[in-house]
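Below you will find the structure I want to go over with you.
The values are calculated or read from the model by the stated rules, or taken from the named source; none is laboratory data. Everything quoted here is computed from the prediction, not taken from an experiment. A quick note on method: Cβ atoms are made from the backbone with ideal geometry, for glycine too, and the neighbour counts reach across all protein chains shown. All accessible areas refer to the heavy atoms of the entire protein, side chains included, with ligands and DNA or RNA removed. Shrake-Rupley method; radii C 1.70, N 1.55, O 1.52, S 1.80 Å.
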Amino acid sequence: MQLADKHEGKTTKAFAGLRVLDFSTTIAGPHCTRMLADMGAEVIKIESDGGETMRTRPPLRKGCSTTFGQLNVGKKSVVLDLKSEDGKEAVRRLAATSDILVENFRPGVMRRLRLDYDSMRQINPRLIYCSISGYGQTGPSAELPAYAPVIHAASGYDMAHLAYQPGRSRPDYCGIYHADVVTGTYGFGAIASALYQRTVTSLGQHIDVSMLETMLSLTLTELQSSQFAVKPPPRPMFGPTETASGYVMITIASEKTFRGLMEVIGRPQWISDPRFSTYAARRENWAEMMDGVEAWSRQLTTDACLAALGAAGVPASAYRTVSEALADPQLAQRQALSEVRDEGGSFQVLNLPFRMSGADTAPAETMAVLGEHTDALRAEIGLASDAPIPSGKTAATR
């Protein structure tokens, strides 16, 4: 049974009726606004006539990027020249009818364009204006250029991760941009909170989301231990355990799972062994304990290890590729992927990782062509296509 099947009425889109102006590029901002679009908001993506950079990222089919599609499905596309008065006027008029604005330019860019929060709230006091940046909108680092790999290094995250790699002294290469995805998700949560607050105050507000602070939020234990001179106790080093055919990840998170694992590997005497009988003792002797686990696992295939561990209730998994993970029947049962079409053909995108019994969270089925909605939206706000701004007529005075 799907979660939606438990709801007595027909599900709807939770953010239906909301309008979003999306000035964001690359990953963090577009990830945030893709979530808003999946929840039913009308998201208007503002781009230059060349389109944003992610449109050229592989995989490409007939010039269409599925990576761009993953981040931008369900959004309308409008081409505007933000350096021209015509483009700025179009933004001002669209802002007058919008609920949310999201941008992830370097701090100061929107102010120089006169499209910053203070300017926009004069037009629409109910506007929720979300700014996503590397270091936040204020402070000595605010205007520094930043991308996710830089923020991973600046936040201490990379060095904290390195501390769990025995024998290593060089930080890892950055291939997966945690800072972008998590920051975009925090932005989505902040916007949802501001929408609720607006029901009470009838006013919008400025949301300032920092990638640096986002990454610090992932270093929970390290953030605390770094504040004190005392040596923190060692932590369990969860890592690959070798089998006869590969590796598995085993996690011991409770006394019950510890006892189950000791029974599975044939070492029940270790349950009462002073080296391992308490959580604190296991932390001190973790490597020795895992050596014993690996002596058992190396005699079995990965599948046999997982079967034995699963029967004992010990959390474990094989190390899978993304392709292997996507083929998991669990994802098929939860309908975790949706098919999307663009000019290059069809492809699959990941749905939001949550389901709601009273709301439809599925993405749209088609991708907009660059500039597809420009003329229609210009007509809606009273600007003919590529027409000059009528003399003396602005969004604030019309």
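Beyond 20 Å, how much of the Cα-Cα pair distribution for region 50-158 remains, as a whole percent?
For region 50-158, the fraction of Cα-Cα distances above 20 Å is 55 percent.
Something else about it: What aspartates and glutamates could a cross-link reach from LYS231, if we take a straight Cα to Cα line under 15 Å and drop same-chain neighbours fewer than 8 places away?
Candidates past the 8-residue exclusion: GLU222, GLU284.
Related question: Using a Gaussian network model of the chain with C-alpha springs under 10 Å, which one of ASP172, ASP118, ASP99 is most mobile by mean-square fluctuation?
In the Gaussian network model the winner is ASP172.
Net charge within 14 Å of PRO234 by Cβ-Cβ distance, Lys/Arg positive one each and Asp/Glu negative one each, not counting PRO234 itself?
With Lys, Arg at +1 and Asp, Glu at -1, the net is +2.
Select from region 42-73 those trypsin sites (Lys or Arg not before Pro) which occupy a DSSP coil region and have at most 14 other Cβ atoms within 10 Å, ordered by residue number.
Hits after loop and neighbour filter: LYS62.
Taking only the alpha carbons of the chain, what extent do you get along each of the three principal axes, in Å, biggest first?
Answer, in whole Å and largest first: 87, 50, 44 Å.
Further question on the same structure: Mind jotting down the distance between the C-alpha centroids of region 47-123 and region 297-374, whole Å?
Each part's Cα centre sits 29 Å from the other's.
Find the accessible area per residue for the chain; the probe is 1.4 Å, ligands and nucleic acids are left out, and the unit is Å².
Using a 1.4 Å probe on heavy atoms only, each residue of the chain averages 52 Å².
Contact order normalised by length for the chain, with contacts defined as Cα pairs under 8 Å and 6 or more residues apart; what percent is it?
Reported relative contact order: 22 percent.
Please sort by residue number the trypsin sites (Lys or Arg not before Pro) in region 217-294 whose DSSP state is loop and whose Cβ has at most 13 other Cβ atoms within 10 Å.
Taking region 217-294 and a limit of 13 other Cβ atoms within 10 Å, the loop trypsin sites (Lys or Arg not before Pro) found are ARG275.
What are the residues whose amide H is under 5 Å from the amide H of ARG61, where those residues sit 5 or more places off or on another chain and H is modelled from the backbone?
THR66
Follow-up. For LYS13, list the lysines whose Cα falls under 29 Å from its own Cα; do not include residues on the same chain fewer than 8 positions away.
Partners within reach: LYS45, LYS75, LYS76.
How big is region 141-299 on each of its three principal axes, counting only the C-alpha atoms and giving the largest first in Å?
Between the extreme Cα coordinates on each principal axis of region 141-299 lie 64, 40, 40 Å.
What is the distance in Å between the Cα centroid of region 221-279 and that of region 143-187?
With region 221-279 and region 143-187 each reduced to a Cα centre, they are spaced 25 Å.
How are the C-alpha pair distances of region 257-398 spread across 10 Å bins, as whole percents from the shortest bin up?
9, 21, 16, 16, 14, 9, 8, 7, 1
Here's another thing I want to ask about it. First compute the accessible area of the chain with a 1.4 Å probe, then give the percent of it belonging to carbon and sulfur atoms.
Carbon and sulfur: 55 percent of the exposed surface of the chain.
Here is a follow-up. Identify which of THR214, THR302, THR374 has the largest mean-square fluctuation in a Gaussian network model of the chain, with springs joining Cα atoms closer than 10 Å.
The residue that fluctuates most here is THR302.
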